[in-house]
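Undergrad: Shown below is the structure under consideration.
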There are 2 protein chains.
Amino acid sequence: MTAPTAPYLSAVSRRAQEIAPFHVMELMARAAALEATGHDIVHMEVGEPDFPTPAPVVEAARDFLASGHVHYTSALGLPRLREAIAGFYQEHYGIALPASRVVVTAGGSGALLLALGALVNPGDEWLVTDPGYPCNRHFIRTFEGQAKAIVVGPENRFQPTPEQVASHWTAHTRGALFGSPSNPTGTVLRGHELRGLTEAVESRGGTLILDEIYHGLTYGGCDESVLTYSQQACVVQSFSKYFNMTGWRLGWLIVPEAFIRPVEKLAQNLFIAPSTPAQHAALAAFLPETRAILEARRTEFRQRRDFLLGELLRLGFTIPAQPEGAFYIYADISAFSGDSFAFASRLLDEAGIAATPGLDFGNADPARYMRFAYTTNLERLAEGIARLEKMLGR
Amino acid sequence: MTAPTAPYLSAVSRRAQEIAPFHVMELMARAAALEATGHDIVHMEVGEPDFPTPAPVVEAARDFLASGHVHYTSALGLPRLREAIAGFYQEHYGIALPASRVVVTAGGSGALLLALGALVNPGDEWLVTDPGYPCNRHFIRTFEGQAKAIVVGPENRFQPTPEQVASHWTAHTRGALFGSPSNPTGTVLRGHELRGLTEAVESRGGTLILDEIYHGLTYGGCDESVLTYSQQACVVQSFSKYFNMTGWRLGWLIVPEAFIRPVEKLAQNLFIAPSTPAQHAALAAFLPETRAILEARRTEFRQRRDFLLGELLRLGFTIPAQPEGAFYIYADISAFSGDSFAFASRLLDEAGIAATPGLDFGNADPARYMRFAYTTNLERLAEGIARLEKMLGR
């Protein structure tokens, strides 16, 4: 019998070879190993809310499941849920959106897969930000496109400008994929910025995809959707973050009229349909009693942000752009280290704190930054800060 | 304001333009319209079991959900579920399979997406069968590969042979994706055939992917997995069919050792993780009480197959290969029509029967065949046969 490994490594597609893993996974594995030997770890690396799914949503799922009739839905999702999502745009943003343009997906990930699958041809260039959500460039790579990074920094709150879109645009550019609130920086695009980016992309014949999966989780700032400024943009959204439904794997995609049919064909073939129990659960996500729970949690997220932001500044971190949304603070660590990966390692080993080094979000200046997630309660955040203070000898 | 449609149709990727819709959807829409106006339709087009999810599986999900803690799992799935699936291979097939090679996925669709994403480079050729599961060629197309059809017919029970693999193999061929039990024909590959196909593909340096999503649903024939004959093949499996869990969107992929890491990276980036409630539900799928329910249902599927097969033969259809598994009968309609699409239309309008024309399964000889699914109970099947008999004037 021949060794199975050798011939098969070469069979792995270039795509799969080139796609980078999450570097934080290595740290998380070490964190888990430390926990297994009795160490206490403060988790500030996790990109999901610590809250349980709101009770009305859970109850809706349990009620639906009682019958056991858990069959496929149509590929675009339950009509009632598509209408509920469209209604949410009317109610929350004042945007009249036909339910036909709402595609229910397997999480924000499924929405990105369908949008980029329906838009990216091999060799096409798509603009993304550095730093940004790391999977974005891998989705583009998956469909043989090329992600072209716009390096964004503190000078514009880590968000791209129309001028940058113009200067990065080539004959091969077909669109842009940006995010607001941003992961990893938590910064939010204002209305005039959304309008400017829309015009910059669409005047060049391109498509703008806006990742709005952290919408709802903003703290006093703007919470405008790109749909206010364009009916031709695509919006990626999710029940994971604001709605606290990560594990259900449910999200949605808003597409222009002309994309509905191509996206439906892709969805039929690649997914068949999104999860039926998750869709029935999500029907309860827009109920007033659920929204009340979510708004109370948003208040708590804001308190955590305020606490963590103040404490990191007090300890000597630089926070170059005010984090206004999501549940992340992107901190400049140069006062302590020139290597965020080594610093993250030291944080874990010496202080029992897990946090994500910049390396997972881009290549421009990753050694300078770390992402701290406030997806754990105030008491634990305070414990983390106390340990950090001790480690830094402040 | 400019019309949104014109510029955006050109933005749709070639991939999305080329992927074909399911033709049966058009018929299903007409069937739904007929039902809405009070007509009774016998559904023999549906590719999912009519049974509810087994009660122990539903109860496991409801118990899990009670806490509301529905967070992400690891990208490859819950370790306990991966072990349960590996245990199923030991128990059911006598195959020792390390749980590390089990990847839990978003349905069989997610398994196909990950397997082909990890294997297909642009321009690569992959062998598939015609007729076969229509999405197979679209998954390959999605990753810019080319599906090359092996036309299979009654002479070999609609299954490919090693000789056909040899004659279709070119310098660009990288593998083959076959299915057993087959959709749409229900025919099953025997052990020596699995061995022959494995050798034909692997001796040429290719990878064999076996779609085994209808495994468990066989009626007296062989139920061997390709894993008995190769540790280098990939297996696509699902909780949808035998386990009656379609709407949960859960399946699995077995990969050789060397593919685990590339598939994990793809899964992290494209899916994050499979549905958490579905995974907890599936932990109960292998319980003895669940298996007892499923085996009783298998007996019922067999009774339906026996009934429908006998009746279709009696009415003058030709069934050129004995359907031994899944829940499909692929019937030659040439005694009645030379155009299965027109015949399907007539069946719907004149007899109130929905069934799937061959066109959805390939291009070789689709006008000659229709797929009848026995995913409705014996009483309804009998009603359908009575109507069919009347329509045919027999």
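The values are calculated or read from the model by the stated rules, or taken from the named source; none is laboratory data. Fair warning: this is a prediction, and the values are worked out from it, not measured in the lab. With ideal geometry, Cβ positions are generated from the backbone for all residues, glycine too; neighbour counts draw on all protein chains shown. We work out accessible area using only protein heavy atoms, side chains counted, and drop any ligands, DNA or RNA first. Shrake-Rupley method; radii C 1.70, N 1.55, O 1.52, S 1.80 Å.
Undergrad: How do the pairs read when you match residues in segment B:380-392 that are in the same structural domain as B:Leu315 (by TED's automatic domain parsing) and among the basic types (Lys, Arg) with residues anywhere that are open to solvent by less than 30 Å² (accessible area, probe 1.4 Å) and in a helix (DSSP H, G or I), using Cβ under 7 Å and keeping only pairs 6 or more apart or on different chains?
TA: B:Arg387/B:Ala351
Undergrad: Suppose the filter is touching a Ser or Thr at 6+ places or on another chain (Cβ under 9 Å) and either within 9 Å of another protein chain (Cβ to nearest Cβ) or free of Cβ contacts under 8 Å to residues at least 24 places away in the same chain (or both); does B:Gly132 pass it? Even if it seems obvious, please write down each step before you answer.
TA: Values: touching a Ser or Thr at 6+ places or on another chain (Cβ under 9 Å): yes; either within 9 Å of another protein chain (Cβ to nearest Cβ) or free of Cβ contacts under 8 Å to residues at least 24 places away in the same chain (or both): no.
For B:Gly132, the condition - touching a Ser or Thr at 6+ places or on another chain (Cβ under 9 Å) and either within 9 Å of another protein chain (Cβ to nearest Cβ) or free of Cβ contacts under 8 Å to residues at least 24 places away in the same chain (or both) - is not met.
Undergrad: Next question. Given the criteria more than 8 Å from chain B (Cβ to nearest Cβ) and open to solvent by less than 10 Å² (accessible area, probe 1.4 Å), does A:Val120 qualify? Quick ask: steps written out before the conclusion?
TA: On the way: more than 8 Å from chain B (Cβ to nearest Cβ): no; open to solvent by less than 10 Å² (accessible area, probe 1.4 Å): yes.
When the stated conditions are applied, A:Val120 does not pass them.
Undergrad: Kindly indicate whether B:Ala20 is open to solvent by less than 50 Å² (accessible area, probe 1.4 Å), in a loop (DSSP other than H, G, I, E, B) and without any contact (Cβ under 8 Å) to a residue 24 or more places away in the chain.
TA: Numbers: open to solvent by less than 50 Å² (accessible area, probe 1.4 Å): yes; in a loop (DSSP other than H, G, I, E, B): yes; without any contact (Cβ under 8 Å) to a residue 24 or more places away in the chain: no.
Taking the combined requirement at face value, the residue does not satisfy it.
Undergrad: Do we find a residue being among the β-branched types (Val, Ile, Thr), within 12 Å of chain A (Cβ to nearest Cβ) and touching a His at 6+ places or on another chain (Cβ under 7 Å) anywhere in segment B:23-35? Give the derivation first.
TA: Restricting attention to segment B:23-35, the residues satisfying the condition of being among the β-branched types (Val, Ile, Thr) are B:24.
Retained after the next criterion (residues that are within 12 Å of chain A (Cβ to nearest Cβ)): B:24.
Remaining after also requiring touching a His at 6+ places or on another chain (Cβ under 7 Å): none.
Among the residues of segment B:23-35, not one is among the β-branched types (Val, Ile, Thr), within 12 Å of chain A (Cβ to nearest Cβ) and touching a His at 6+ places or on another chain (Cβ under 7 Å), which makes the answer no.
Undergrad: Working carefully through the options A:Phe286, A:Phe259, A:Phe239, find the one that is surrounded by fewer than 24 Cβ atoms within 10 Å (Cβ to Cβ) and hydrophobic (A, V, I, L, M, F, W, C).
TA: After ruling out the rest, the residue left standing is A:Phe286.
Undergrad: Does any residue of segment B:351-363 turn out to be in contact with a Ser or Thr (Cβ under 6 Å, 6 or more places away or on another chain), farther than 19 Å from B:Gly393 by Cα and not hydrophobic (A, V, I, L, M, F, W, C)? Don't jump to the end; show me each part of the working.
TA: We begin by selecting, within segment B:351-363, every residue in contact with a Ser or Thr (Cβ under 6 Å, 6 or more places away or on another chain); these are B:357-358.
With farther than 19 Å from B:Gly393 by Cα added as a condition, the list becomes B:357-358.
Now drop any that are not not hydrophobic (A, V, I, L, M, F, W, C), which leaves B:357-358.
Yes.
Undergrad: Right, another one. Pull up segment A:61-96, narrow it to residues that are within 14 Å of chain B (Cβ to nearest Cβ) and aromatic (Phe, Trp, Tyr), then point me to the one that is farthest from A:Ser275 (Cα to Cα).
TA: A:Phe64
Undergrad: Here is a further query. In this structure, does B:Gly338 turn out to be over 27 Å from B:Thr105 (Cα atoms) and open to solvent by 10 Å² or more (accessible area, probe 1.4 Å)? If you could, list the steps in order and put the result at the bottom.
TA: Numbers: over 27 Å from B:Thr105 (Cα atoms): yes; open to solvent by 10 Å² or more (accessible area, probe 1.4 Å): yes.
Criteria met by B:Gly338.
Undergrad: Still on this structure, I have one more. Quickly run through segment B:65-96 and pick out the residues that are among the hydrophobic types (A, V, I, L, M, F, W, C) and surrounded by 14 or more Cβ atoms within 10 Å (Cβ to Cβ). Steps first, please.
TA: Applying the first criterion (among the hydrophobic types (A, V, I, L, M, F, W, C)) to segment B:65-96 yields B:65-66, B:70, B:75-76, B:78, B:81, B:84-86, B:88, B:95-96.
Hits for segment B:65-96 are B:Leu65, B:Val70, B:Ala75, B:Leu76, B:Leu78, B:Leu81, B:Ala84, B:Ile85, B:Ala86, B:Phe88, B:Ile95.
Undergrad: Still on this model: Quick one: would you say B:Ile41 is touching a helix residue (DSSP H, G or I) at 6+ places or on another chain (Cβ under 8 Å), crowded, with 18+ Cβ neighbours inside 10 Å and in the same structural domain as B:Tyr374 (by TED's automatic domain parsing)?
TA: Details: touching a helix residue (DSSP H, G or I) at 6+ places or on another chain (Cβ under 8 Å): yes; crowded, with 18+ Cβ neighbours inside 10 Å: yes; in the same structural domain as B:Tyr374 (by TED's automatic domain parsing): yes.
Yes; evaluated as a whole, the condition is true for this residue.
Undergrad: Further, regarding this structure: Working only within segment B:149-174, note down all residues that are surrounded by fewer than 20 Cβ atoms within 10 Å (Cβ to Cβ) and part of a helix (DSSP H, G or I).
TA: Of everything in segment B:149-174, those that are surrounded by fewer than 20 Cβ atoms within 10 Å (Cβ to Cβ) and part of a helix (DSSP H, G or I) turn out to be B:Pro154, B:Glu155, B:Asn156, B:Pro162, B:Glu163, B:Gln164, B:Ala166, B:Ser167, B:His168.
Undergrad: Considering (1) more than 7 Å from chain A (Cβ to nearest Cβ); (2) without any contact (Cβ under 8 Å) to a residue 12 or more places away in the chain, say which one B:Ala11 fails and leave the rest.
TA: Only one criterion is unmet by B:Ala11, namely (1).
Undergrad: Right, next: Can you tell me which of B:Ala367, B:Ala373, B:Ala326, B:Ala344 is of a type in the set (A, V, I, L, M, F, W, C), touching a helix residue (DSSP H, G or I) at 6+ places or on another chain (Cβ under 7 Å) and open to solvent by less than 10 Å² (accessible area, probe 1.4 Å)? Full working, then the answer.
TA: On the way: B:Ala367 fails: open to solvent by less than 10 Å² (accessible area, probe 1.4 Å); B:Ala373 fails: touching a helix residue (DSSP H, G or I) at 6+ places or on another chain (Cβ under 7 Å); B:Ala326 fails: touching a helix residue (DSSP H, G or I) at 6+ places or on another chain (Cβ under 7 Å).
After applying the criteria, what remains is B:Ala344.
Undergrad: For segment B:230-262, give me each residue that is more than 21 Å from B:Ala96 (Cα to Cα) and more than 16 Å from the chain's Cα centre (by Cα).
TA: Within segment B:230-262, B:Pro262 is the sole residue that qualifies.
Undergrad: Moving on to the next point. Please work out which one of (1) crowded, with 16+ Cβ neighbours inside 10 Å; (2) away from every other protein chain (no Cβ under 11 Å); (3) touching a residue at least 40 places away in the same chain (Cβ under 8 Å); (4) not charged (D, E, K, R) is the condition B:Ala99 fails and give its number.
TA: Result: B:Ala99 fails condition (3) only.
Undergrad: Could you tell me whether segment B:48-64 includes any residue that is open to solvent by less than 50 Å² (accessible area, probe 1.4 Å), at pLDDT below 95 and in a loop (DSSP other than H, G, I, E, B)?
TA: Checked against the condition, which is being open to solvent by less than 50 Å² (accessible area, probe 1.4 Å), at pLDDT below 95 and in a loop (DSSP other than H, G, I, E, B), segment B:48-64 yields at least one hit.
Undergrad: Counting just the residues of segment A:36-49 that are under 22 Å from A:Gly362 (Cα atoms) and of a type in the set (A, V, I, L, M, F, W, C), which one comes out nearest to the other protein chains (Cβ to nearest Cβ)?
TA: A:Val46
Undergrad: Taking A:Leu127 as the residue in question, decide whether it is within 25 Å of A:Ile209 (Cβ to Cβ), away from chain B (no Cβ under 12 Å) and either acidic (Asp, Glu) or in contact with a helix residue (DSSP H, G or I) (Cβ under 8 Å, 6 or more places away or on another chain) (or both). Walk me through how you get there before you give the answer.
TA: Working: within 25 Å of A:Ile209 (Cβ to Cβ): yes; away from chain B (no Cβ under 12 Å): yes; either acidic (Asp, Glu) or in contact with a helix residue (DSSP H, G or I) (Cβ under 8 Å, 6 or more places away or on another chain) (or both): yes.
The answer is yes for A:Leu127.
Undergrad: Does B:Ala292 count as in contact with a Ser or Thr (Cβ under 7 Å, 6 or more places away or on another chain) and assigned to a helix (DSSP H, G or I)? Write out each step before concluding.
TA: Working: in contact with a Ser or Thr (Cβ under 7 Å, 6 or more places away or on another chain): no; assigned to a helix (DSSP H, G or I): yes.
Here the answer is no, as B:Ala292 does not meet what is asked.
Undergrad: What about A:Phe271, is it surrounded by 19 or more Cβ atoms within 10 Å (Cβ to Cβ), within 21 Å of the chain's Cα centre (by Cα), facing chain B (nearest Cβ under 8 Å) and modelled with pLDDT of 95 or more?
TA: Details: surrounded by 19 or more Cβ atoms within 10 Å (Cβ to Cβ): yes; within 21 Å of the chain's Cα centre (by Cα): yes; facing chain B (nearest Cβ under 8 Å): yes; modelled with pLDDT of 95 or more: yes.
Criteria met by A:Phe271.
Undergrad: Determine which member of the set B:Thr290, B:Thr376, B:Thr299 is over 21 Å from the mean Cα position of the chain (by Cα) and hydroxyl-bearing (Ser, Thr, Tyr). Even if it seems obvious, please write down each step before you answer.
TA: Working: B:Thr376 fails: over 21 Å from the mean Cα position of the chain (by Cα); B:Thr299 fails: over 21 Å from the mean Cα position of the chain (by Cα).
Being over 21 Å from the mean Cα position of the chain (by Cα) and hydroxyl-bearing (Ser, Thr, Tyr) holds for just one of B:Thr290, B:Thr376, B:Thr299, which is B:Thr290.
Undergrad: Look at segment B:275-295 and say how many of its residues are touching a Gly at 6+ places or on another chain (Cβ under 8 Å) and within 7 Å of another protein chain (Cβ to nearest Cβ). Don't jump to the end; show me each part of the working.
TA: So in segment B:275-295, the residues touching a Gly at 6+ places or on another chain (Cβ under 8 Å) come out as B:275-277, B:279, B:286, B:294.
Filter once more, keeping what is within 7 Å of another protein chain (Cβ to nearest Cβ): B:275-277.
The number of residues fulfilling the criteria is 3.
Undergrad: Among the residues of segment B:235-254, is any charged (D, E, K, R), in contact (Cβ under 8 Å) with a residue 40 or more places away in the chain and more than 9 Å from every other protein chain (Cβ to nearest Cβ)? First the steps, then the outcome.
TA: Narrowing segment B:235-254 to residues charged (D, E, K, R): B:241, B:249.
From what is left, the residues that are in contact (Cβ under 8 Å) with a residue 40 or more places away in the chain are B:241, B:249.
Okay, now just the ones that are also more than 9 Å from every other protein chain (Cβ to nearest Cβ), so B:241.
Yes.
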